[in-house]
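Just so you know, all these numbers are worked out from the coordinates, no wet-lab data involved. A quick note: this is a predicted structure, and the numbers were derived from the prediction, not measured. Reconstructed Cβ throughout: ideal geometry from the backbone, glycine too, with neighbour counts over all protein chains shown.
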């Protein structure tokens with residue numbers, strides 16, 4: 001479904017260049033849990049952002065279902081992300097003026113897909129049924145992160161991208177989130193940037209990075 005071909009991501013600061021990614025080529029399977037694994041600074045988040053169209057590579061190309069993706073105008077990439085992708089970031093990015101349930105429904109409303117019942121079921125499975133009417137300031141960090149997981153899944157995306165989705169969770173809630181993501185992976189690719197070896201053990205495919213290169 002998604003393929004990166006000789007992808008580079010370079011940042012320039014004055015006359016200095018830093019290569020976040022260097023000649024990375026990967027082909028993702030049509031479904032399964034895919035771990036992008038490596039130490040801090042290895043390029044995990046950079047690769048996730050390039051594959052998802054949140055960043056355009058400096059060189060190389062990302063294709064979606066065989067068609068060019070990374071070179072499309074930002075408005076086109078944004079429309080694809082809105083309809084077909086789900087995102088879980090390291091920060092939850094919840095809107096403070098919305099309740100947990102309203103935040104969880106936000107992407108589904110924008111994509112005009114998914115149902116209120118699906119959102120409520122996700123919140124229930126994530127242990128948030130009794131917190132759905134609270135605003136983010138009344139939730140713990142782990143609860144906010146679980147709301148963000150529900151938001152990413154509520155519209156039934158074709159591809160899910162998750163950047164360290166369990167970093168702020170305790171063991172019980174980490175297991176709950178990964179169980180749900182693994183179930184989603186039976187229907188389509190779930191791409192997780194992580195340094196958690198337990199996630200790597202359960203992954204159908206692991207992309208190991210070091211210094212911006214596939215190790």
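Can you say what percent of the DSSP beta bridges in segment 45-198, counting only those with both residues inside, are antiparallel? Round to 5.
Details: 2 of 10 bridges.
Taking every DSSP beta bridge with both residues in segment 45-198, the antiparallel ones total about 20 percent.
Normalise the Debye intensity by I(0) for segment 91-215, one equal point scatterer per Cα, no solvent, then take log10 at q = 0.22 Å⁻¹ and round to two decimals.
-1.32
Taking a point 7 angstrom from the Cα of residue 210 along the C-beta vector, which residues in segment 35-49 have backbone N less than 11 Å away?
Answer for segment 35-49: 39.
Could you please rank 58, 119, placing first whichever residue has the fewest other Cβ atoms within 10 Å of its Cβ? List each step's numbers first, then the result.
On the way: 58 16, 119 25.
Starting with the residue having the fewest Cβ neighbours, the order is 58, 119.
In Å and whole numbers, how far do the C-alpha atoms of segment 1-148 stretch along each principal axis, longest first?
Taking the Cα atoms of segment 1-148, the three principal extents are 50, 32, 28 Å.
What order do you get for 170, 202 when you list them from fewest to most C-beta neighbours inside 10 Å?
With the sparsest Cβ surroundings first, the list reads 170, 202.
Just to be sure I understand the model, the point goes 7 Å from the Cα along the line to the Cβ. What's the resulting residue 18 to residue 109 distance in nm?
3.7
How do 44, 131 line up, fewest other C-beta atoms within 10 Å first? Before the final figure, lay out the partial values.
On the way: 44 25, 131 19.
Ascending Cβ contact count within 10 Å gives the list 131, 44.
Kindly provide log₁₀ I(q)/I(0) values, in the same order as q = 0.29 Å⁻¹, from the Debye equation applied to equal alpha-carbon scatterers of segment 112-173.
Normalising to I(0) and taking log10 leaves -1.35.
By how many nm would the segment from residue 95 to residue 27 lengthen if fully extended, with 0.36 nm per residue of separation less the alpha-carbon distance? Can you show the working numbers first?
On the way: separation 68, 0.36 × 68 = 24.48 nm, distance 3.45 nm.
Taking 0.36 nm per residue and subtracting the Cα distance, the gain is 21.0 nm.
Could you work out the relative contact order of segment 104-215, using alpha carbon pairs under 8 angstrom and six or more residues apart, expressed as a whole percent?
Numbers: 103 pairs, mean separation 28.5, N = 112.
Relative CO of segment 104-215 lands at 25 percent.
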